[in-house]
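Everything on this sheet refers to the single structure shown next.
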Amino acid sequence: MYDFARWIEEEHDCELPDFPALHSWSVESSSEFWQGIWDYFGVVSSSSAHQPMSDEGMPGTHWFPGATLNYAENSLSAAATRPDEVAIIGEHETGQPQILTWSQLEAQVASVASWLRDLGIGPGDRVAGVLPNIPQTAVALLAAASVGAVWSVVNTDFGPGGVADRFAQIEPKVLFTVDGYEFGGKLRDMTGSYRALREVLPSVEHLIVVDQLPPESVGDIPEDAMRYSDIVASHAEPVYEQVPFEHPLWILYSSGTTGKPKGIVHSHGGVVLEFLKALGLHANLGPTDTAYFAVATTWMVWNMLVGILLTGSTIITYDGAPTFGGAQKSLSLVAQNKATFFGTGAGVLTMVERSGVVPNVQEDFSALRSILVTGSPLPDST
């Protein structure tokens, strides 16, 4: 934030001595501010905008008209300069962590994207997932974005009815799910849900199964389903569909407390800039950081977790129970991986407090620089 303010001072011949001054300038000069985010962080694009805003009136303005880019390309830009450094650490309850370097992540995204293209999936088509918080879910999102498709995901604890409430209205052509997962010390077989999922989602033409568990632990995979492991075994060169700034990237949902959940669409360009601002400036994340959000895929904060890749940071995923091995599970993951940033809902920290755990006595948090708490107010004692 400090460095950005100094950069803005040089670019615009102004004085921004503190945060209130920077904030005021960003409001008064919103067009210059967002162009500054674009330039400062070096957004990758195939064409530039004529101007940051079509007019100063909001709502109604068009952002960066004429600009074309791709969210996935920006998310994977570190693969070109730091191919052998770690991009994702996939933690599980008992299994060994899965490590993906930037080059490995880029390769898996390219393979899945190529396969989607071969199926005829392109800009505007919807790709959905019933998936836990694992590295493959991030790959599926980035692959969908690579071809210009629109992504949406819910966690594996949703039954067919909950999935249908969200996905039936967007009519996905492709559905990603898992053969099973470990949660609370038990192996959960997902294969028995495939028939019901396809019945409530008749638009689905292709089912992709992420193989997570040993074959003897799960039921039969349908013959017409494609295994994720087979897809990523093929080699493909990265190709990123260049789409307009406002092209839809993903669909999130309202809570569903007033009828069925309502779809909320975010755009490629809007998400790139908003996350660079929120995660690059406010969270101060960069290539030397390791970040973890305690989150399931249904919560929009999972999208923010994957968005941390835009800053070049390493991210940690975890698909197990938040209390596996004790109430401090999330904090243990932070300490074990020497995370510099920890994001969580207030409920996780409140649970730790009530359990009587004293985290800084049991764990080494010497690498941790910041904690972001969201979701609900945090009690004073917590």
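Here are the numbers for this structure:
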{"quantity": "Close pairs (6 angstrom Cβ cut-off, 6 or more residues apart or separate chains): in the same structural domain as A128 (by TED's automatic domain parsing) and buried (at least 16 other Cβ atoms within 10 Å of the Cβ) in region 153-165, of a type in the set (G, A, S) and not in a loop (DSSP other than H, G, I, E, B) anywhere", "calculated": "V153/G129; P160/A196"}
{"quantity": "Any hit, region 79-94, residues being over 18 Å from the mean Cα position of the chain (by Cα) and either among the hydrophobic types (A, V, I, L, M, F, W, C) or on the phi > 0 side of the Ramachandran plot (or both)", "calculated": "yes"}
{"quantity": "Filter result for H50 (modelled with pLDDT of 95 or more and either not in a helix (DSSP H, G or I) or not assigned by TED's automatic domain parsing to the domain that holds V239 (or both))", "calculated": "no"}
{"quantity": "Among the residues listed as V295, V271, V306, the single one being outside any helix (DSSP H, G or I) and under 26 Å from S255 (Cα atoms)", "calculated": "V295"}
{"quantity": "Strands (runs of 3 or more DSSP E) enclosed by region 180-247 - at least 1 residues per element that are more than 23 Å from the chain's Cα centre (by Cα)", "calculated": "186-189"}
{"quantity": "Hey, D211 free of Cβ contacts under 8 Å to residues at least 24 places away in the same chain and surrounded by fewer than 17 Cβ atoms within 10 Å (Cβ to Cβ) or not", "calculated": "no"}
{"quantity": "Condition broken by I315, with the remaining ones in (1) modelled with pLDDT of 95 or more; (2) assigned to a loop (DSSP other than H, G, I, E, B); (3) buried (at least 16 other Cβ atoms within 10 Å of the Cβ) satisfied", "calculated": "(2)"}
{"quantity": "Scan of region 80-106 for residues that are in contact (Cβ under 8 Å) with a residue 24 or more places away in the chain, of a type outside the set (S, T, Y) and surrounded by fewer than 21 Cβ atoms within 10 Å (Cβ to Cβ), ordered by number", "calculated": "R82, E85, V86, H92, E93, G95, Q98"}
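Conditions (1) within 30 Å of the chain's Cα centre (by Cα); (2) assigned by TED's automatic domain parsing to the domain that holds V239; (3) closer than 20 Å to H247 by Cα; (4) of a type in the set (S, T, N, Q), marked per residue:
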residue	(1), (2), (3), (4)
M1	yes, no, no, no
W7	yes, no, no, no
E15	no, no, no, no
D18	no, no, no, no
L22	yes, no, no, no
E28	no, no, no, no
W63	yes, yes, yes, no
G66	yes, yes, yes, no
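The values are calculated or read from the model by the stated rules, or taken from the named source; none is laboratory data. Because the structure is a prediction, the values reported are computed rather than measured. Backbone-built Cβ (ideal geometry, glycine too); neighbour counts: all protein chains shown.
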